[in-house]
Amino acid sequence: MNRIDLLFKRKQNDILSVYFTAGHPEINSLAEILPALENAGVDLIEIGMPFSDPIADGPVIQKSSQTAISNGMSLKVLFEQLRNIEFNIPVILMGYLNPILQYGIENFLISCKEANVSGTIIPDLPLSQYLIQEETFIRNNIHNILLITPLSTDRRITDLAEKSRGFLYAVASSATTGSSSFHNADTSYFERIRSLNLKIPIIFGFGISCHADFIKACDWGSGAIIGSGFIKLLEHIESRKMDYTRTIADFVCRIKYGNSIQK
Amino acid sequence: MNNISAHPDSDGFYGDYGGAYIPEMLLPNIQELKEKYLEILESPSFIKEFTSLLRDYTGRPTPLFHSKRLSQKIGCSVYLKREDLNHTGAHKINNTIGQVLIAGFLGKSRIIAETGAGQHGVATATVCALKGLECIIYMGALDIERQALNVYKMKMLGAKVVPVHSGNKTLKDATNEAIRDWINHPEETHYIIGSVVGPHPYPDIVTRLQSVIGHEIKQQFKEKNPGKNPDYIIACVGGGSNAAGAFYPFISTDETQLIGVEAAGKGNETSMSAATLELGRPGIIHGSMTILMQDQDGQITEPYSISAGLDYPGIGPVHAWLDAKGLVKYLSVTDEEALQAAKDLTVLEGIIPALESAHAIAALYKMNFRSDETVVVNLSGRGDKDMSTYKKEFGDE
Ligand SMILES: Cc1ncc(COP(=O)(O)O)c(C=O)c1O
């Protein structure tokens, strides 16, 4: 069984997923960040595969991608790093289609499987094009997770929910990553999603950065994804030479419970 | 005569190339355009306003000039399609006039665009002034430094010019930023893309709007040479819009050999070139499957050309397809060859070409024409914007 499905079988609420970019701030940072997140009690991890032209991302993730590329990060290096780390929670790779195409889609999915990756999020692989590849994803037991947005029609949301595997990623506002805050998001969109009675879990993402956002996302869905907010923390850790494990545990506590129990 | 048309299928594919590889956030806008563009472009009210603006505002039809002294030098009959005589100095305005009208049909009040050299930015700012629309132009910070005159023109025309500091700070990054703006402001905004690039239906929209060039060539050439089509048509290719427009009515005729000219910068054997078809591989850039310059990991690389309008790392999917089909022959021309051609045209005909267009002229020297053959070169723009480069290269004597 896919680890994402196992997770949702065990736990339907208060799912916290954290995103960071592979190869940022340092080429080997993943080896510290991933275990620190798992130990801190995060449920899901999304690892960004850096791309030179990330059109759906705001400045924070753009910058981390650029740093990662100049650090020498590539799919090849990423898979090598992942194969050398032990982890038990579901890991999802998130990134753009072109590097995957150059690696070869089937090759990519095989490497995912070998590296214990459970899913993918590929923003510029639209549903119509994904469907051409769907069989290859399923055959390799890699869940491709699809996005919905406040401008998606009910019909479109239903179609995407049907084809998304593991969960459905609900982008909170019509925006690039990191650009607007979740607590301003339009609740009529959340109500609309709720009224559709979708069978698949909904995880909210984009603009979530604090405990209040997390609580709200958990009220309306199964949980939330934090991206830009966590990347900013990593930059802070790096620039002040702080301890990854402790600082990340503290961050996760503050998101989940609203206060740090570390101090 | 075969039955090939330069239009994509209903999903936006020209053979293997094209499509719309866009994030879900852009889907409603792209879907709306896809559903409505043909109906708009074919509606009598659009045609009427487009045609009358092209005539009374832009100055079309642009002349087809029999260039006698250049003909003598090359050894065949050379005609120049004078797109340089358009308002704002290049073919770019054919597209922006059409697209600002499309924005009107869609009820969009805010216009965004990317620009490299500033030609498309100026052409967009111009039509926004004409229609009283808000206009935001994304331009790489490096290009802003290099193209001060066009930046000022855009500002004087009332546009807001936003410097882009991401990536390499040039055209590709400006395009990314325009796409991000569209994601963040989906409802009121129309994105006027500047070439036959981007997700479907943009390549087809821009090709259709620029096809006025080719239709005029066909008619004007027949007036001068009754019953005949030119033996060759040559156009420079950055994204490929002036070329797609000039080639459009000739794609299915065997009578005319079409030649697209890419920029080879300092030479295709160096790392400083923009000859995408020669140096690129299939992949995705700005929502389109096409040929692009990239490293082995699929990161898009920065091209180089002395001509700011030709240094795009991709190429319109229609050209990737025309190349694969062998329907157009593509070659490339270095900075040095283009500069020489610009000088020749200036001295021989009294026409200072844009650096981009000088690449098309330079291709004349690379071909072997029979003396009875006829060639039309699409002179896509004038040299005003390039005077400081020319001065730097040729000196000040
Ligand atoms: C005069 C001129 N010609 C050609 C081009 C290249 O664009 P395209 O290949 O889309 O015609 C430009 C772009 O800025 C231009 O300004």
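The values are calculated or read from the model by the stated rules, or taken from the named source; none is laboratory data. As the structure is a prediction and not an experimental result, all values here were calculated from the model. Virtual Cβ from ideal backbone geometry, glycine too; neighbours counted across all protein chains shown.
Hey, does region B:367-378 have a residue that's closer than 23 Å to B:Lys73 by Cα, free of Cβ contacts under 8 Å to residues at least 60 places away in the same chain and of a type in the set (Lys, Arg)? No, the conditions are met nowhere in region B:367-378. Of all the criteria given as (1) touching a residue at least 40 places away in the same chain (Cβ under 8 Å); (2) over 19 Å from A:Ile45 (Cβ atoms); (3) surrounded by fewer than 18 Cβ atoms within 10 Å (Cβ to Cβ), the one not satisfied by A:Asp159 is (1). Yes or no: A:Leu82 out of contact with any Ser or Thr (no Cβ under 7 Å at 6 or more places or on another chain) and away from every other protein chain (no Cβ under 12 Å)? When the stated conditions are applied, A:Leu82 passes them.
Scanning region B:286-300 for residues that are surrounded by fewer than 23 Cβ atoms within 10 Å (Cβ to Cβ), modelled with pLDDT of 95 or more and more than 14 Å from chain A (Cβ to nearest Cβ) turns up nothing. Against the list (1) within 14 Å of another protein chain (Cβ to nearest Cβ); (2) surrounded by fewer than 20 Cβ atoms within 10 Å (Cβ to Cβ); (3) of a type in the set (A, V, I, L, M, F, W, C), the condition B:Leu38 fails is (1). Name the single residue that is farthest from the other protein chains (Cβ to nearest Cβ) among those in region B:273-285 being of a type in the set (A, V, I, L, M) and touching a residue at least 60 places away in the same chain (Cβ under 8 Å). Here the residue is B:Ile285.
Taken over region B:184-196, the residue count meeting the criterion of being crowded, with 24+ Cβ neighbours inside 10 Å and either of a type in the set (S, T, N, Q) or touching a Ser or Thr at 6+ places or on another chain (Cβ under 6 Å) (or both) is 3. Would you pick out the residues in region B:100-154 that are within 16 Å of the ligand (Cβ to nearest atom), at pLDDT 95 or above and surrounded by fewer than 24 Cβ atoms within 10 Å (Cβ to Cβ)? Of everything in region B:100-154, those that are within 16 Å of the ligand (Cβ to nearest atom), at pLDDT 95 or above and surrounded by fewer than 24 Cβ atoms within 10 Å (Cβ to Cβ) turn out to be B:Val151, B:Lys153. Given the criteria surrounded by fewer than 24 Cβ atoms within 10 Å (Cβ to Cβ), more than 16 Å from the ligand (Cβ to nearest atom) and either under 23 Å from A:Ser65 (Cα atoms) or away from chain A (no Cβ under 14 Å) (or both), does B:Leu327 qualify? So B:Leu327 passes the test.
Taking the criterion of being under 16 Å from B:Met293 (Cα atoms) and free of Cβ contacts under 8 Å to residues at least 40 places away in the same chain, the residues of region B:249-272 that qualify are B:Glu269, B:Thr270, B:Ser271, B:Met272. Scanning region B:381-394 finds one or more residues that are over 22 Å from B:Gly214 (Cβ atoms), within 10 Å of the ligand (Cβ to nearest atom), touching a residue at least 12 places away in the same chain (Cβ under 8 Å) and of a type outside the set (Asp, Glu). A:Asn98 meets the conditions (1) part of a helix (DSSP H, G or I); (2) more than 16 Å from B:Asp173 (Cβ to Cβ); (3) not basic (Lys, Arg) in every case but one. The failed one is (2). In region A:44-79, of all residues being among the charged types (D, E, K, R) and facing another protein chain (nearest Cβ under 10 Å), the one that is farthest from A:Gly119 (Cα to Cα) corresponds to A:Lys63.
With respect to (1) part of a loop (DSSP other than H, G, I, E, B); (2) more than 11 Å from chain B (Cβ to nearest Cβ); (3) among the hydrophobic types (A, V, I, L, M, F, W, C), the lone exception for A:Leu109 is condition (1). Would you check if there is a residue in region B:293-306 being more than 16 Å from the ligand (Cβ to nearest atom), of a type outside the set (A, V, I, L, M) and part of a strand (DSSP E or B)? Yes, because at least one residue in region B:293-306 is more than 16 Å from the ligand (Cβ to nearest atom), of a type outside the set (A, V, I, L, M) and part of a strand (DSSP E or B). Remark: pairs (first residue in region B:226-247, within 14 Å of chain A (Cβ to nearest Cβ); second residue within 14 Å of the ligand (Cβ to nearest atom) and in a helix (DSSP H, G or I); Cβ separation under 7 Å; 6+ apart in sequence or on different chains) are absent. Taken over region B:188-202, the criterion of being within 12 Å of the ligand (Cβ to nearest atom) and within 12 Å of chain A (Cβ to nearest Cβ) is satisfied by B:Gly198 alone.
Would you point out which residue out of A:Asp124, A:Asp159 is outside any helix (DSSP H, G or I) and not polar (S, T, N, Q)? From the options A:Asp124, A:Asp159, the qualifying one is A:Asp124.
The set of residues in region B:214-257 being aliphatic (A, V, I, L, M) and within 14 Å of the ligand (Cβ to nearest atom) consists of B:Ile233, B:Ile234, B:Ala235, B:Val237, B:Ala243, B:Ala244, B:Ala246.
Count of region B:160-187 residues, restricted to those that are within 16 Å of the ligand (Cβ to nearest atom) and closer than 18 Å to B:Pro28 by Cα, is 1.
As a summary of the residue check, B:Ala20 satisfies the conditions (1) assigned to a helix (DSSP H, G or I); (2) under 21 Å from the mean Cα position of the chain (by Cα) except for the one numbered (1).
I'd like to check something: does region B:82-89 contain any residue that is buried (at least 23 other Cβ atoms within 10 Å of the Cβ), among the small types (Gly, Ala, Ser) and within 14 Å of the ligand (Cβ to nearest atom)? The answer is no, given that none of the residues of region B:82-89 is buried (at least 23 other Cβ atoms within 10 Å of the Cβ), among the small types (Gly, Ala, Ser) and within 14 Å of the ligand (Cβ to nearest atom).
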